[in-house]
Amino acid sequence: MSSLRQILFLLGKDLRIELRKKESLISMAFFGALILVILNIAAGIGKQVDADTGAGILWVAIIFSAVLGLGRVFAREKENGCVAALLISPISPGEIFIAKALVNFSLMLLSQLVLVPVFYVLFGSHFNADPLALVPILLLLNLGFSTTGTLVSAISAGTRRNEVLLPILLFPLILPLTALAVKATAGALATRPFSERLEQLEPMLAFCLIFSAAGYLLFPFAIRED
Amino acid sequence: MTPLNRATFLPALATLLVPLAIGMIFFYAPLEKSMGIIQKIFYFHLSLAGAAFLSFFIACVSGIMYLLKRQRIWDARLAASIEIGVVLTTLVLISGSLWGRPIWNTWWTWDPRLTTSLILWFIFASGLILRSAIDEESKRATFCAVMAIIGFVDVPIVFLSARLWRSIHPTVIRSAGIGLESSMLVTLVVSMVAMLVFCAALFHLRCIQHQQESTVRDLQQQLQL
C-alpha cells in the first residue's frame, strides 16, 4: 500500500510541475499537429489517403511528438541533481520507474486528445470509423512506448547527447510495436471487425508486459549514479 | 602464456579454414540447378547470419554477467561482440541483397528474417553510438549492458510481429534450407565452422584490445595523480 502511495506521490509531483509549466504537453501537441499538417501537404493537397497510409501518418505524428515529452521527464530531474535526491529518498528505483512511466503515459494520452481530432479533421473526412475503436490501440501503444521509453530515456539522460540519443536508441526497440499499431489502426479505420484486430492487439499486449518487466528489472542499473 | 597462444592459434586456424571454405564453395559444391552460380553466396550468407546472431547472444549474456559481477572483462566481451555482430549483420544484409536481386527480383522485401536482421542491426548499431557518447567507464559499461539485454529481448518480438504484419512469406528462403545435397551440406558446415573460428579470433583480439585500452587508461590516471 505504501509503495502505491509513493508512486502516486511521484506521479502527482510530475503532473503538477507539468500543469504549472506546461512545457512538455504544449510542445508535444504542437509538434504532433505540425507533423500532421506537413504530412497532409506531403501526401498531396486535396488527395484522400487510404486507411493504411492514414494509420501510418497518425503514428508517425504520435511517436515523434511523444519523444519530445519523454526527453524532458528525465532531463528535468538531472538539471538540479534531483535524481540523487530521488535515489536517497525511501522510494525504490522500481517505484520511480513505474511513476515515470505513468507520467509519460499520461502525457502521451493528453497529447493524443489533441492529435487524434486534428488527424480526423485533416485526413478523416472519408473515414467513417468510430474514433473509439482506436482507444485500445492507443492505450496499448502508450503503455509499451512509455515503459520502454522511460528506461531508454534514463540511459540517454545520463549521456552528453540526450536529445540525439533518445530517438536513436528508442525507435529500433519499439519498431515492432509501432508496426503492429499501424496495422491495427488501419483495420480500425477501414472498419474491419474487431476480432481481426485481436491478432495485432495480443502481441502488442505481450510486448507491453515483456518491456514493463524488463524495464522494471533494468531501470535500477540505468538510473544509478556511480 | 596461454592467452597469447590462443591469440595466435585462432587466427592461424582461421587463415587455414577460410580459404578451404572458399575453395570448397567454388570447386567442391555442385552448381545449383535453378539459381546457378549466384547460389554460392548462400554458404557465406548463412554462416555470416549464424555468427551474427551468436554474437548478439554473447552480447546479451555478457551484459547480464557485467550487471551481476561488475568485472571489466565482461564489458570487453560485450563491446567486442556488439562490434563484431554489427559488422557481420551489415555483411548479411549486403550479401542477402545481392542474392535477392537476381532471385527475387528485388533488393529488399519485408520478410520476417530480413526485417529481424535489419532491426537487430539498428538496435546494436545504436548501442555502438551509445558507447561513443559516454566517457565514464563504469557508466558506459552499465548502459551498454542494459541496451544489449533489452535489444536481445526484442528479437523474438520483432520476428513474431514481422510475421504478423506481413502474411505472405517468400518460400524461396525455406526451400534453400531444406533438402540440401550432401556435398552442399558438407560445404555449408565447413564454411560455418570457418566463419565461427574467424569470428572467435576477431572476438578474442578485440577483447584483449579493450582490456589493454582500459589498463593504459588506468596507468595514465595513476601517473597524473
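Taking a ≥ b ≥ c as the square roots of the eigenvalues of the Cα gyration tensor of the stretch A:54-101, is the shape rounded (a/c under 1.5), prolate (a/b larger than b/c) or oblate? Here the stretch A:54-101 falls in the oblate category. Listed peptides A:108-117, B:20-29 appear in the order A:108-117, B:20-29 once ranked by packing, highest mean of other Cβ atoms within 10 Å at the front.
Membrane-span-like helices in chain B (whole DSSP H runs, Cα extent of at least 15 Å along the helix axis, mean Kyte-Doolittle hydropathy of at least 1.6): B:41-69.
In chain A, the longest principal axis of the Cα atoms and the axis of helix A:93-123 are about 20 degrees apart.
A helix-only calculation puts the protein assembly as shown at -29000 deg cm²/dmol for mean residue ellipticity at 222 nm, using -39500 (n - 2.57) for each DSSP H run of at least four residues, averaged over all residues. Stretching B:V189 away from B:L31 to a fully extended chain increases their span by 55.2 nm, per 0.36 nm per residue minus the current alpha-carbon distance. Legend: calculated FRET efficiency, A:E23 to A:L209, from the Cβ-Cβ distance at R0 = 51 Å, rounded to 0.05, equals 0.95.
For the peptides A:164-173, A:194-203, B:202-211, the ranking by packing is A:164-173, B:202-211, A:194-203, with the highest mean count of neighbouring Cβ atoms within 10 Å listed first. Helix A:194-223 and the longest principal axis of the Cα set of chain A meet at an angle near 20°.
Centre-to-centre separation between the Cα atoms of the stretch A:171-226 and those of the stretch A:72-118: 19 Å.
Seen against the Cα atoms of chain A and their longest principal axis, helix A:51-79 is set at about 20 degrees. What the Cβ-Cβ distance of A:A190 and B:E181 gives, at R0 = 45 Å and to the nearest 0.05, is a FRET efficiency of 0.45.
The mean number of Cβ atoms from other chains found within 10 Å of a Cβ in peptide B:145-158 is 6, as a whole number. From the P(r) of the protein assembly as shown, could you give the percentage of C-alpha pairs in the tail past 38 Å? The proportion of pairs with Cα distances above 38 Å equals 33 percent.
Normalising the average separation of contacting C-alpha pairs (under 8 angstrom, six or more residues apart) by the number of residues puts the relative contact order of the stretch A:1-142 at 41 percent. Against the empirical 2.2 N^0.38 Å (N residues), the stretch A:18-161 has a Cα radius of gyration ratio of 1.17. Among A:5-14, B:79-88, B:149-158, sorting by the average number of other beta carbon atoms lying within 10 angstrom of each residue, highest first, gives B:79-88, B:149-158, A:5-14. Note on B:214-221: average number of Cβ atoms from other chains within 10 Å of each residue's Cβ is 0. Residues whose amide H lies under 5 Å from that of B:R70, counting only those 5 or more places away or on a different chain, are absent; hydrogens are built 1.01 Å from N in the peptide plane. Model label points for B:T106 and B:Q212, set 7 angstrom from Cα along the Cα-to-Cβ axis, are 4.7 nm apart. Note that chain B carries a Kirkwood radius of 19.1 Å, evaluated over its alpha carbons pair by pair.
Coordinate-derived values only; no laboratory data. Keep in mind that what you see is a predicted model, and the values were worked out from it rather than measured. Positions of Cβ are backbone-derived with ideal geometry, glycine not excepted, and every protein chain shown enters the neighbour counts.
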